[in-house]
Amino acid sequence: MNCPPSAPERHRAFKLTFVPLLIFSLFAQCAVVWTQLEDIRDGYFDFVLYYSGAKIINDGNGAQLYDLEVQREYQKEFGVGYRRDRALPFNHPPYELLALLIPAKFSFPVAHALWAAVNTLLLAVILLRLFPFVEARHRSLFALMLFAYYPTITALKMGQDSVITTFLLVETLVSLKRKRYAIAGGLLALGLYKPQFVLPLVGIFLLHRRWSSIFGFLSTGLLLGAISLAMVGWDGLIRLLSLWLPMIQRGHVVWPELMTNLRGLVYMILQLGGITEATNVLTLGLSILTYVITLQVWPRNAEEQNELFNLRFALAVVMTALVSFHLYSYDGTLLAIPLTIMLNQVLKEKNPYPVRHRVLLALLIAWFLPLVPNVLLSAWMLAWWALPLPILFGLMAMEVWRRSALASPSVRI
């Protein structure tokens, strides 16, 4: 009778497949970026909207920040990629631009390089903050996984703020583990430049009556609101609201087929039947279901100090990505948190891999196949790349439920 392989042997077999795949994926994405260096310099990517916004503030024109004609004129000055009929609007709250006021004093290529360097440093900090939650022997694997992840490279290339969002979520986890609830709420408020990535967690705090976290969120949010008002005035904030309202419909800067969340998947599926008009309604229904499942496995009295809480938080981050309604590939960087925490739990398993763990490992291998998202993006079908995400959510919910049941002496499974 053959004995099952030991844990190190099983992990070795997985790593022999996964690590070369990660290295190949990393080099492939870097090669793609290399071919796009001229486009980056010429302002074809999203950093141009942050840079132009910071330029407008630096020039004392804050009241005109959300005037699309003003944005278009500023973008044309330094971005040949935006000498066309429409501009890519800056539609985030103005306080976010505070971090870019100094880089915006430099030329566009230098500012982009500085911003990329800051975000790369933040990625290193993210790893350092996550490392206490994972086994030391697997940390190099998690580091490679973070940098080989398509959303990470895309966020750096595009000059997006997704790495900052991921950093804030990691710091929120650390604060919750240390029972610094007010700080956790304040950190989430700092991420209100993209509210869809923080409000789902705030909702959990509210339903769990974590009043100190809600206080931290509201007080920080009010401060940021006052800063934003001082930067652009009431007229500016009203113009910002007018830029948000059309985002429920497809068009201009809203393309569900490029969104790696429930909205994107629903749109792609309904498109097969020519009934995309039902996208928002069906997305809302599935989002509510996903949120309810998350609440069911995250009880009000959850203890933050154990590993089960790490999994619950990781599940909530996956839920956030799914229900976010507006999420492009670079924003998927935040999924590095649940991927790291969940894979660590699998690699800690001493018994033979159960089916759910084998499915997870297969999902990871499929998710990191080199250049697959690039091909889907070029075909305007990137939403299909999110297919593993609902499966990941289901696997993690099952894992949390099982561990919760095992931890409860009154429950048998």
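What follows draws every value from the coordinates through simple rules; no lab data is involved. None of these values were measured; they are calculated from a predicted model. We place every Cβ from the backbone using ideal geometry, glycine too, and count neighbours over all the protein chains shown.
For Cα pairs less than 8 Å apart in space and 6+ apart in sequence, what is the mean separation divided by the residue count of the range 268-413, i.e. the relative contact order in percent?
27
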### Task
Among [x] 60, 43, 41; [y] 75, 48, 46; [z] 134, 73, 55, find the value of Cα extents along the principal axes in Å that was calculated from the structure presented, and write down its label.
[y]
### Query
Membrane-span-like helices in the chain: DSSP H runs reaching 27 Å or more (Cα, own axis), mean Kyte hydropathy at least -1.0?
7-35, 108-130, 211-244, 388-407
### Task
Please go through the range 335-413 and write out the trypsin sites (Lys or Arg not before Pro) that DSSP classes as loop and that have at most 12 other C-beta atoms within 10 Å.
350, 412
### Segments 144-152, 372-380, 332-340 sorted - mean Cβ within 10 Å per residue, highest first
332-340, 144-152, 372-380
### Query
Hey, what did the chain get for relative contact order, percent, Cα under 8 Å, at least 6 apart?
20
#### Entry: GluC sites (Glu not before Pro) restricted to the range 262-363 and DSSP loop, no more than 11 other C-beta within 10 Å
303
### Task
Show that you can apply the helix-only estimate: for the chain, add -39,500 (n - 2.57) for every DSSP H stretch of four or more residues, divide by all residues, and state [θ] at 222 nm to the nearest 500.
-21000 deg cm²/dmol
#### Entry: Cα centroid separation - the range 236-258 against the range 266-329, whole Å
21
### Message
I need the peptides 201-212, 167-178, 65-76 ranked by packing, meaning the mean over residues of other C-beta atoms within 10 angstrom, with the highest value on top.
### Response
167-178, 65-76, 201-212
